[in-house]
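Contents: one structure, followed by commentary.
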Amino acid sequence: MTIHGQGDDPKSARGHGRRGAVAGMTPADLLLASAALAYVLVIYIVVDPPYLPERGLCWTDWLYVSWVAADMAAALSLLTRRRWPLLFAITSVIARFVTGAVATLPIVFYTLISARRYVWAGIGAAAVCVAFVLDFRDQMRGYSYGSVPLTLVYAFEDIVLREMIPFVAVPVLLAVTVREHRQRIDNLRTLNGKLRRERELVAQNAALTERTRIAREMHDVVTHYVGLIVLRAGALELTAGRASPAGQDATVIADLGRRTMLELRDLLQVLRQDGMGEKVALSRAGEEPFDLDLATLLCSAHEAGMPVSWTLDDALAECPVPLKYAIYRIVQEALANAAKHAPRSTVHVAVGQEAGTLRLTVRNPVPPLAQPGSGQAGTGSGFGLIGMSERAEQLDGHVTAAVTSDGYFQVLATFPLRRTQASIA
């Protein structure tokens, strides 16, 4: 695995695309190049300036200039080791032959192995080994260890132990270790992502199974009893006559039951949806589509005997369908709560627009038995109010339900029109 820093592409670092190429330069490269350049300047200017016995200091001596140029080129080529590792390697090896500098050699072999340039690393190691052998031969001129075996021992110690191992072998082993470690980390991350995805799929399958079970139970139980209600209401309508008060009530009950069956069919379709396909539309082929008209809902409640009044702003007709649907369901739940907890109280529904915000208010007087402290308040499950809040939050809205100071139970829902339209889009 190649070394890569901030901004590097891990796929390129692993050899995908261009083999072993790592583009870019990291702060570590800049720091190493600066340190190597400073080291060259200190060595050639402070520690070992170009002093000639016959001429004194000679800054223009060609041999001195060539040494400085070779070592500076090797130091500056550190900046290219990720984009052009071969340029860095060739420059450093040339500097080794010219001046004997070894400061950048460990980084050269670390970079070549990390970039998977194994052939070039082998060629570089052979070239560096030749340079070390030549240096040892120059040291042996005019000097003898006395025997060939002793000379070979000293050569092994000087070339292999002191130079090849620290400058070639150790960087190679370090690069291989780091690359394998990073490869294991990448494999663990990939495996972790697969396991997370599998857990999500298992959870989705479990949720789909449970939703299917709920849909089946609702279909078998609720539709059975609602069907019986519609059937009995139809029988009562025929027995009492449609013109009689009892017949009219039976007609309303039958119509409400049929509408309940139609909306329940939509709900069962949503419950059986797997979440992967297209969204189920709330409409029925061959039948009247689902009506989101709030006035129709309020008229139906009034015809069913609930004392209700309403004031609706014309802006409601221009609202997006999801917002109309949320308001429709919130009013429907508020009317159901009023019928349950304050059956003979007048309910007032108001929808208006104010400063870019759509406000829905449903108010009804709180009966004495439902007043706080009477022991009859708060007998509901609270799921209806939770559902109201969830519907509003999906459209960046907010719902509050509480008893006001004048003795009314009020449901207030607010929807920011601009953010709602943006979230829907």
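The values are calculated or read from the model by the stated rules, or taken from the named source; none is laboratory data. A quick note: this is a predicted structure, and the numbers were derived from the prediction, not measured. Surface areas here come from the heavy atoms of the whole protein model, side chains and all, with no ligands, DNA or RNA. Shrake-Rupley method; radii C 1.70, N 1.55, O 1.52, S 1.80 Å.
Does the range 114-250 come out rounded, prolate or oblate by the C-alpha gyration tensor, with a ≥ b ≥ c the root eigenvalues, rounded set by a/c under 1.5 and, if not, prolate when a/b is larger than b/c and oblate if not? Before the final figure, lay out each step's value.
Values: a/c = 12.83, a/b = 8.29, b/c = 1.55.
Verdict is prolate for the range 114-250.
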So, taking all protein chains as they sit and a 1.4 Å probe, how much accessible area belongs to H302, in Å² rounded to tens? 100 Å²
For I165, I94, the accessible-area ranking with a 1.4 Å probe, largest leading, is I94, I165
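Shape of the range 67-143 from its Cα gyration tensor (a ≥ b ≥ c, root eigenvalues): rounded if a/c is under 1.5, otherwise prolate when a/b > b/c, or oblate?
Details: a/c = 3.23, a/b = 1.57, b/c = 2.06.
Since a/c reaches 1.5 but b/c is at least a/b, the shape of the range 67-143 is classed as oblate.
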Area of K194 that stays accessible when all protein chains are in place (1.4 Å probe, Å², to 10): 120 Å²
